[in-house]
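Peer 1: This structure is in structure tokens; I'll ask about it shortly.
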Amino acid sequence: MPSRSGLRSGPRRGVRTALITGVTATLTFAAFGLSQGAVAATPNTPSTLPAPPAHVDDYNGLATTPPMGFNDWAGFGCNINQQLFTNTADDMVQLGLNELGYQYVNIDDCWMRKTRDANGNLQVNSSLFPNGMKWLGDYIHGKGLKFGIYEDAGYETCQGAAGSYGHFQTDADQYASWGVDYLKLDYCYQPLDQYPGKSAGDVAHIVYQEASQALLNTKRPMLFSESAPAYYCCSGSDFTNIMSWIAQNGNLWRYGDDIADDWPSVLDNYSQDNTPGLAAYAGPGHWNDADMLEIGNGGLNLTEEQSQFDVWSELASPLLLSTDLSKLTPAELAIVKNRDVIAVDQDRLGAQGTVVQSGNGYDVLSKPLANGDRAVVLFNKGDTAQTITTSANKVGFAGAGLYGLTDLVSKQRTSSAGVISANVPPHGTVMYRVSRFGSPLAAPSVAVTVSGSNPATVSVADNGILPLSDVSVSLSGPNGWSISPASTRVGTVAPGRHGTARFAVNAPAPPPGQATNTVTATVSYRWLGFQSGTATAAQTRITNTPYDNLAQAFDNVAVTDESNTTPGNFDGDGDSYSAQALASAGAAPGATITHDGASLRWPSSASGTNDNVVAGGQIITVSGQGDTLAFLGSEAGATSSPVTVTYTDGTSSQVSLGFPNWCCEGTTAYGAEPVITTDHRDTPTGPANYGNDYYVFYNSVAVDPTRTVATVTLPNAPEIHIFALALS
């Protein structure tokens, strides 16, 4: 069957698929062609976990600090072969990553065949790994690195290859013969049907205990990564049950979603790792695994990549790269090779950092370190820059004192009388190592904040014990903005005080659509009369100006001519609707589509040009009255999200809107109805998938007929694509 496309950016490995078991799972996946994880449950609301046992027996003496290395899944999925792993091993050594602790080269799913041999042994896919696993393990060991492999504790792996259930000792012996140092054991196709009357948590215990004992029986040290918690994250009796025994049977465990190459996914895994009580289960030999690093894969900007690395290190998560290491930029290499941040992750105390303070779009995390220091992360989860402020007492220090702050990225060393503060960019982090004793001659810790619009106020706070002198502030904005004065003197700022400067800021009228602009303050100052320093702060200004009509907002090519399919990218994989098939179905450019009393105009855009809106909160001017707001749309996903209707009297209402996936599943989700049906689609290589239906749907939301509509704000859900809308 054709790809469903776009359920999530990147593959998802069946998290929390508690109902996918045994033969039922096989039939479900086969019948609907579901990619892994397509039927994952909605996350449970976290509740506080009970405290772990007072003493956790050391499972095998391994992983005294979180493992570091490489796993292919996030970056490559099933697109793997022998050369990927030999190249990765070469690159880890050539780039010096091995000297920093990156030592594991791990193969994920898709390395094996779907069936075992006549003796019950796993079979390597020889077309992908012609020299076999023993040879590959020897190659990796020859580089001074360690070799990891993947299997599944159920009937099959998540991609449908032979699973380990019923073969744990055979497989463990086979891993040992290949020189495997690390096993990741997933939990798709769970054998719940083999244990009637037992809870899912009890079955997981039986299965993983048997697998872990099999590894111990080989007498070969193999680090064991368990996946059972991820399928029941992050509350409920089964999750609690699993967490009660998980550390006795392995070294680390996935607890939540498969990571994807986008910022919402990073936040999702971060949030799950902060399930109340979960941090208490982490420590030397047993770790909560937040999943792979997406650094280098293109879905995160540099700030977001730095944030994932900082936060994962704060959480004492394994640090597993998952990208083509040879293509990491110098800036990305600087992130993953930062010895000071790595030292936080690898700290021998083994404590997991926890949230000690939260505010509007931010968290403060603190992690105790073996020498008495604290690693403190100021984490701005939001879309605008903000100054985040906490205190030494809140992050875990007792009493007053002079504290030393080392910024682990910029390497700047400052001292503070107790305030820990910094201006943090959107989706950014500032990570400090905070020590109990700061130098009285060190630079004072300075925090700068920009607030207000016109005038804008710049505040300069001296958080040290020495006064700031000759303080000067300048403010700059984008080209075309008028800011006055360009700079101004503040003079002296006493310890524990702040100085301010005000600026007139005049911005030109923004164009239609969403725009983000940054205003930057730069502060220069002196301390001790002769030492000089600078500090900066940003203010993020986001505008969302209404478009005159939907067509003005078109930003995606969903329709291509069969003679040139290259411009199309409806689903993120380069696929699109066929203009010829649409015309045959009555949707030629500019055609009127009538349904349920509403008349909507199909886009008149030429094939291969923008013809729809990827919904992201755009505001569209829609003037008039009616009782229904009608839409033509479809999805490269499966979701619904609110539409906001704003009336001329200033009131507004919200109603959820969604469409089914454009292909290959039920056609009435979210109350939608198919109105255009085509029998094939265009792919990057030309027309294809004949005999499969690709739909465009009608859906509507109610509006107040007694009031006049002014604007409509589209859902903030990029899975949703909208071709037309009209009041009816």
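The values are calculated or read from the model by the stated rules, or taken from the named source; none is laboratory data. Note that the coordinates shown come from a computational prediction; the quantities given were computed from them, not determined experimentally. Cβ placement follows ideal geometry from the backbone for every residue including glycine, while neighbour counts extend to all protein chains displayed.
Peer 1: Sort out which residues of the stretch 110-165 are closer than 22 Å to A74 by Cβ, among the polar types (S, T, N, Q) and under 30 Å from the mean Cα position of the chain (by Cα), and write them in order of number.
Peer 2: T157, Q159
Peer 1: What is the one condition in (1) in a strand (DSSP E or B); (2) within 30 Å of the chain's Cα centre (by Cα) that T677 does not satisfy?
Peer 2: All conditions are met except number (2).
Peer 1: Kindly indicate whether V424 is surrounded by 23 or more Cβ atoms within 10 Å (Cβ to Cβ), assigned by TED's automatic domain parsing to the domain that holds Y525, touching a residue at least 60 places away in the same chain (Cβ under 8 Å) and not hydroxyl-bearing (S, T, Y).
Peer 2: No; evaluated as a whole, the condition is false for this residue.
Peer 1: For the stretch 398-421, how many residues meet the condition of being out of contact with any strand residue (DSSP E or B) (no Cβ under 7 Å at 6 or more places or on another chain) and free of Cβ contacts under 8 Å to residues at least 40 places away in the same chain?
Peer 2: Qualifying residue count for the region: 6.
Peer 1: Specify which of the listed residues (S212, S177, S225, S164) is part of a helix (DSSP H, G or I), among the polar types (S, T, N, Q) and surrounded by 17 or more Cβ atoms within 10 Å (Cβ to Cβ).
Peer 2: None of the other options fit; the residue is S212.
Peer 1: With respect to V655, determine if the residue is surrounded by 21 or more Cβ atoms within 10 Å (Cβ to Cβ) and within 26 Å of T545 (Cβ to Cβ).
Peer 2: no
Peer 1: In addition: Does V39 count as of a type in the set (A, V, I, L, M), at pLDDT below 75, in a loop (DSSP other than H, G, I, E, B) and under 27 Å from Y232 (Cβ atoms)?
Peer 2: Yes; evaluated as a whole, the condition is true for this residue.
Okay, residues lined up against (1) without any contact (Cβ under 8 Å) to a residue 60 or more places away in the chain; (2) at positive phi; (3) surrounded by 17 or more Cβ atoms within 10 Å (Cβ to Cβ):
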position	(1), (2), (3)
V203	yes, no, yes
N217	yes, no, no
C233	no, no, yes
W253	yes, no, yes
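Peer 1: Take Y547 and decide whether it is more than 30 Å from K411 (Cβ to Cβ) and in contact with a Gly (Cβ under 7 Å, 6 or more places away or on another chain).
Peer 2: Taking the combined requirement at face value, the residue satisfies it.
Peer 1: A further question follows. Does the stretch 433-453 contain any residue that is in a strand (DSSP E or B), farther than 30 Å from D345 by Cα, over 33 Å from the mean Cα position of the chain (by Cα) and at pLDDT 95 or above?
Peer 2: No, every residue in the stretch 433-453 fails to be in a strand (DSSP E or B), farther than 30 Å from D345 by Cα, over 33 Å from the mean Cα position of the chain (by Cα) and at pLDDT 95 or above.
Peer 1: Residue check: is K327 touching a helix residue (DSSP H, G or I) at 6+ places or on another chain (Cβ under 8 Å), in contact (Cβ under 8 Å) with a residue 12 or more places away in the chain and among the basic types (K, R)?
Peer 2: Against the criterion (touching a helix residue (DSSP H, G or I) at 6+ places or on another chain (Cβ under 8 Å), in contact (Cβ under 8 Å) with a residue 12 or more places away in the chain and among the basic types (K, R)), K327 does not qualify.
Peer 1: Against the condition in contact with a Leu (Cβ under 6 Å, 6 or more places away or on another chain) and more than 19 Å from T540 (Cα to Cα), how does V395 come out, does it pass?
Peer 2: Answer is no for this residue.
Residues are listed down the side, and each one gets a yes or a no for (1) farther than 16 Å from A161 by Cα; (2) crowded, with 17+ Cβ neighbours inside 10 Å; (3) at pLDDT 50 or above:
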| residue | (1), (2), (3) |
| --- | --- |
| L7 | yes, yes, no |
| L27 | no, no, no |
| G33 | no, no, no |
| P66 | yes, yes, yes |
| G69 | yes, yes, yes |
| Y102 | yes, yes, yes |
| T115 | no, no, yes |
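Peer 1: Let me ask something additional. Restricting attention to strands (runs of 3 or more DSSP E) lying wholly within the stretch 315-402, give those where 1 or more residues are at pLDDT 95 or above, over 19 Å from the mean Cα position of the chain (by Cα) and surrounded by fewer than 20 Cβ atoms within 10 Å (Cβ to Cβ).
Peer 2: Output list reads 354-359, 362-368, 386-391.
Peer 1: Quickly run through the stretch 574-606 and pick out the residues that are within 19 Å of T685 (Cβ to Cβ) and polar (S, T, N, Q).
Peer 2: S576, S578, Q580
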